[in-house]
1. So, R0 is 45 Å and r is the distance between the beta-carbons of B:THR48 and B:ASP443; what FRET efficiency does that work out to, to 0.05?
2. Could you sort the peptides B:263-272, A:177-186 by per-residue average Cβ neighbour count (10 Å cutoff), highest mean leading?
3. If the cut-off is 16 Å between C-alpha atoms, which aspartates and glutamates fall inside it for A:LYS16, apart from same-chain ones fewer than 8 positions away?
4. At q = 0.10, 0.20, 0.21 Å⁻¹, what is the base-10 log of I(q)/I(0) for the range A:1-130 according to the Debye formula with one equal point scatterer per Cα and no solvent? Please give it to two decimals.
5. Ordered by residue, what ³J(HN,Hα) values in Hz, to whole numbers, does the range A:145-157 give under the Karplus form 6.51 cos²θ - 1.76 cosθ + 1.60, where θ = phi - 60° and Gly and Pro are x?
6. If packing is taken as the mean number of other Cβ atoms within 10 Å per residue, what is the order of B:130-142, A:259-271, highest first?
7. If the convex hull of the alpha-carbon atoms of the range A:61-209 is projected onto planes in all directions, what is the mean projected area in square nanometres?
8. Post the alpha-carbon centroid distance, the range B:34-89 to the range A:77-94, in whole angstrom.
Amino acid sequence: MALTKSSAIACVQVTKDYGRGRGVFQVDLDVRRGEVFGFLGPNGAGKTTTIRLFMDLVRPDLGQVQVLGMDARRDSLAIKRRVGYLPGELAQFPGVTAAYVIGLLAGLRGGVDPARIRLLADRFNLDLGRKYEELSHGNKQKVALVQAFMHEPELLILDEPTLGLDPLMQREFRGLIGETIKSGATVFLSSHVLSEVQQVCDRVGLIRDGRLVQVGSLEELRTLRSHRVEARIERAIEESAFRALPGVSETVITDHTVSCTVEGPMAPLLHVLDSAGIVELDSHERSLEEVFFAQYGTPEAAGAGR
Amino acid sequence: MRSMERPKRLALVADTVRANRLSLALWAGAGAATMYAVAIMLVREFSTYPGGAKALAPTVEAAAEALRVLRWPAERLDTLGGYLTYHNILLLPLLLGIYCAIAGAQAVRGAELRGSLEGILATGISRTALVLERALGFLFVLLGITVGIGLGVAAGLAAGGEPDTWGALVTTGEAALAAFSFYTLGLLVSQFTRSARTAAGLTSLVMAVLFVFTNVWDQAGPIAVARFISPFFYFQQSRVLVPGHGFDPVATLMLVVLPALLLVAATIAFERRDYASSLSARRARPVVARSVLVQRRWLRTWWSAGLVRERISLLAWAAGAAAFAALVSSLEPTVREMWNKLEFIQVYLAQTPGASPTDQYLGFACSTMAPLAAAYAATHVAGWVGDLKQGRVELVLTSPVSWSRLVGERLTGLAVGVAVVTVSALVGLSLGAVAVGASLRPDGLLRVAADSVLFGIAIGAVGAVLVARLRSGLAPALLTLFIAASYVLDLFAPAFSWPAWVARLSVFNSFGQPYVEVPELAGLVYLGALALLGTILAAALSQRSPKVA
């Protein structure tokens, strides 16, 4: 894979090895401009390390990282001027107000439109006059979100952005992401909650044990799509009747109930079920979460990544 | 269902010892070495002084009387035990007390504000047990320090021909008990304050007042009775190493009773208040929609934002330095009078032509600016590690701010802080001097201010290199060691007739006597080189490996 200037973020064979299997290894990634890219992985998979590599907060042992067409290391200051970043761990600021925290970060950027800060604070229902240390985790997360969005960056890199937000604020956040994309920006967000990514992202990448195991659009990933079918039938039916059916797996038959997973055309399955007399039929598409876990197994990456 | 298990007993005692193991090692090691070296130095002084210890003692006693607010009492200075008690041991509970005050304030409130206490309380341990286990753990830490320093004192006494190992251990043990009172006081005060730092500052202030008061209580008239609440008073009552005094069991008992009472009070206060809220916290006010000014001029740089954030602490430093300097300079007539009576001091003073005795005394007062600046710089360096550990560095570096700029801004903030503290101290010194009619040298004051700022930046630059390389709590600990070693080197080099270049390695030696004369060029070059090269090296090290976690 080659680096392309047109990408919002591009990595080639990036490795950061902390030893004993911890770190990220040979990561190739291309985040296109104008998209919302979801970066998924269980705890400790290497999401935060990868993000810190983009921000020049850690340096790769091998490989290259480009952000907005610039070298992440050489041009880090120019990059940071155009990027909004939300760290995975909330900083502590004892003895000062939320306004101080926002004001400091705005000041270090050379000033930000005050109306934009007010708008974001109102939108997230955040009282900037309160002491930062007295805020709840969710409210501190709002402070972090305000500082990430306040200078209307071209690229947003958000590490677990909805952590601690209530459902209403999560909806507000998704709305803000939508508006940001409409204005031409790019969003890279990490999460370990697949359903959240499913709601806002165009493409997703999955990292496990420090290695990028899958990248694709939601549609592409849905080539792995499947349905879970549950049916109540009139007459008993042998499991062997399902074995020969293409795309049917995980069949469970109990009394007059059949449940199975179907990838591809549904007709052969319906034909068999119909021959046994369908009383009730329920089918739903499996979520990305279920698809990923079926594909890659239950997360067990504790100790890997960072 | 599994039966509920009781939390592992005394786990917090072990955790407290583990958390303080580095400080324990530093205090015990550096304290023992200092005590031993000072004892050897005093033995040499006894042997080289014309007429020996018997002749030396009256002259030192006269000086000690003049400066009694700073250290008292001075008795049997003709013996190593008596002189060492006056010279070093009387200061031990004060110095150890500062460490204890900070540790006490942090023990509950600090952990609470860092968010690490909630999980511990959720294990089922009671608040009382938590406080008691933390205090017990810290007592073990003090025990280790006591043994280390005590053995240093014992080795020094043995080398001076007055062996008394048991006496040395009892003395340092009593010093540790006196200091432990300030651990428990810090613990109590922190139950009423919003932050652990405020509690540590208030406790240190109370401690300083008690220390000075205890030295002059017999001149305090009706408030002399207040001495009974001072741990320093009880410590002074039991001076095992001073011939003719010996062990005072009642005073020692009081050194146990005082911290016990404070511990009980702290426990009651902790039991009565809400978690993460001080006992004095006001009830929540009704929410009023308000317009908050977010972007301010002083928030545009990290250094100015930091100074505003730490303004209370800076004010406390400035006020404390001013009060101390005013106190020292106001003693000028008393000291000058005493000097006039001592022939050898006249000979010594004549070695600096062009400087009157008043100049020389005020020069001595101004020389305290160096340790003051060093202590201030050390707390700043500890703050830099805190910035890193608490995620502030990561957040700042995601703005268009480079590591080099951050290092530069940190040192700028430190330089401004040192300037504020120094100028405050010099104002205090001037007021004290004017009040007693002592004349001041404006050129001297300017030199002191400039030299102190350079000195502070030099120390800060060394700290910046350590922080850039280590990025852990080890950095301020090593910086403190560097400062202490430098101070001791400056003290010992002339006493042991070490070569001049060895003495010049000490930053305190390079500071010189700026009030009475322009410091030596070599010293200024050394401080300047430390400041400049340290800054460049710190920036390079930070930039080369910019890890934030």
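Values quoted throughout were computed directly from the atomic coordinates according to the rules given, and no laboratory measurement underlies them. As the structure is a prediction and not an experimental result, all values here were calculated from the model. Heads up, the Cβs are rebuilt from the backbone with ideal geometry, glycines too, and the neighbour counts pull from every protein chain shown.
1. Once rounded, the FRET efficiency stands at 0.80.
2. Per-residue Cβ counts within 10 Å, averaged per peptide and sorted highest first, yield B:263-272, A:177-186.
3. A:ASP28, A:ASP56, A:ASP61, A:ASP209
4. Debye output, listed in q order: -0.42, -1.19, -1.24.
5. In residue order, the calculated couplings are 5, 4, 5, 6, 8, 5, 9, 6, x, 6, 9, 10, 10 Hz.
6. The peptides rank, most packed first, as B:130-142, A:259-271.
7. In nm², the orientation-averaged hull projection of the range A:61-209 is 9.9.
8. Taking the Cα centre of each part, the range B:34-89 and the range A:77-94 sit 57 Å apart.
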